1. Listed residues GLU341, GLU319; which is closer than 26 Å to LEU398 by Cβ, among the charged types (D, E, K, R), open to solvent by 40 Å² or more (accessible area, probe 1.4 Å) and in a helix (DSSP H, G or I)?
2. Got a sec? Which helices (runs of 4 or more DSSP H) wholly within region 1-102 have at least 1 residues that are at pLDDT 80 or above and within 19 Å of LYS160 (Cβ to Cβ)?
3. Just checking, how many residues over region 353-376 are within 12 Å of ARG402 (Cβ to Cβ) and not in a helix (DSSP H, G or I)?
4. Across region 27-48, what is the number of residues that are free of Cβ contacts under 8 Å to residues at least 12 places away in the same chain and either crowded, with 20+ Cβ neighbours inside 10 Å or farther than 13 Å from ALA64 by Cα (or both)?
5. Return the residue satisfying two criteria in turn: it lies in region 281-308 and is among the β-branched types (Val, Ile, Thr) and surrounded by fewer than 16 Cβ atoms within 10 Å (Cβ to Cβ), and of such residues it is nearest to ARG263 (Cα to Cα).
6. Conditions: (1) open to solvent by 20 Å² or more (accessible area, probe 1.4 Å); (2) touching a helix residue (DSSP H, G or I) at 6+ places or on another chain (Cβ under 8 Å); (3) of a type outside the set (S, T, N, Q). GLU352 meets all but one. Number of the miss?
7. Out of all the residues in region 250-275, which are open to solvent by less than 40 Å² (accessible area, probe 1.4 Å) and either basic (Lys, Arg) or in contact with a Pro (Cβ under 8 Å, 6 or more places away or on another chain) (or both)?
8. Just to verify a result, which residue in region 225-255, among those that are of a type in the set (Val, Ile, Thr) and under 17 Å from the mean Cα position of the chain (by Cα), is farthest from ASP204 (Cα to Cα)?
Amino acid sequence: MSATQAVETVFRIESARIIAGVARIVRDVGIAEEIAQDALVAALEQWPREGVPDKPGAWLMATAKHRAIDLVRRKETYARKLAEVGRTLEDVPPPAEPAAPDDIDDDLLRLIFTACHPVLATEARIALTLRLMGGLTTQEIARAFLASEPTVAQRIVRAKRALAKADVPFEVPYGADREARLASVLEVIYLIFNEGYSATAGDDLVRPALCEDALRLARVLAALMPEEPEVHGLAALLEFQASRISARTGPGGEPVLLADQNRSKWNRMLIRRGALAMRHAGSGPYSVQAAIAGCHAEAVRYEDTDWVTIATLYGRLVELVPSPVVELNRAVAVSMAEGPEAALPLVDALAEEPALRAYHLLPSVRGDLLERLGRGEEARAEFERAASLTHNARERALLLGRAARA
């Protein structure tokens, strides 16, 4: 590996820790990212000439912290900053190796809570989290979400400005504020994974790299917050869901329905990780969803699926987070546990829900139920309507194929 490749690899791995460590000093994630980039440039200049250090991550951290300290010292408010950060800015050089690894973990926790602050719009939180915590470039984020690079770049810049303007403290909140902020953090990671697991638009049904980024963030958060049951619930959910990714598409990228998936392709290691995370999960929405995903993971064959338990769990989920989408999922489980005739009235009751009027899965589920009841013409019309509503090319092809066979 060349020195340049080593720089890029180490920075990708360590960037979140470096930004977090610097942000604790400068109290601004935008400036912290710029300083981290300066350290990267310094490494690109020095490592090819002087060789890769024995501890490259520590070298980057120390270089970035030196620059952060110099910046603070140059500011007129140095005395106030000195009082805030205390011993971090003593007139001694930063250690070559971080003296207290736990402090770095605390900084990572502060960083993810800052990046997911509710003062930002959801799209901004997602972009900033992937940039700061995931180490993704603007180009990678734009490609993942099918957005233009200038749009994503502007979104990130505005997010940093919004945090600075709101004077959002670089800290982990406590009490009720912490609960509210944690919900935002979990939501962002969940949304990132879902976009990778079932893309809302484009030619690909699945974007595994995006799922991997979300899963990595969930694992980091679980390690940083071991006492939070819902954090483990989310981690378990993503582990279980990620275990099925390779079986969700065929050789040509076409969708493969759950009933038709080759379960030997399911990743047993991820399923085991999900089961371990479930031991620490609680009874919140993500934990209940994880329990549902766990039921699927435990079934060796599709016919072995415990649909009665899954329907019960969806009933519990409806109580926790009332939502027409959750009701629709419950109807699917009921159709498998009790038959399509029991589920059709539940689906029909959702027909006038404003949130589902443009939701392609509502006519898709209804078409499936009608097909199972032998009402082919009605099923065909529902599948065609579902195909007209989806923005994903792979799903559209699947639905049109089902309409042709109905």
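1. None of the other options fit; the residue is GLU341.
2. 3-26, 29-50, 56-74
3. 0
4. Residues flagged as free of Cβ contacts under 8 Å to residues at least 12 places away in the same chain and either crowded, with 20+ Cβ neighbours inside 10 Å or farther than 13 Å from ALA64 by Cα (or both) within region 27-48 amount to 2.
5. Among residues in region 281-308 that are among the β-branched types (Val, Ile, Thr) and surrounded by fewer than 16 Cβ atoms within 10 Å (Cβ to Cβ), the one nearest to ARG263 (Cα to Cα) is VAL300.
6. (2)
7. Selection gives ARG263 alone.
8. VAL231
The values are calculated or read from the model by the stated rules, or taken from the named source; none is laboratory data. These numbers come from a predicted model, not from an experiment. FYI the Cβ positions are ideal-geometry reconstructions off the backbone, even for glycines, and counts take in every protein chain you see. Side chains are part of the model used for accessible areas, which takes the heavy atoms of the whole protein and leaves out ligands, DNA and RNA. Shrake-Rupley method; radii C 1.70, N 1.55, O 1.52, S 1.80 Å.
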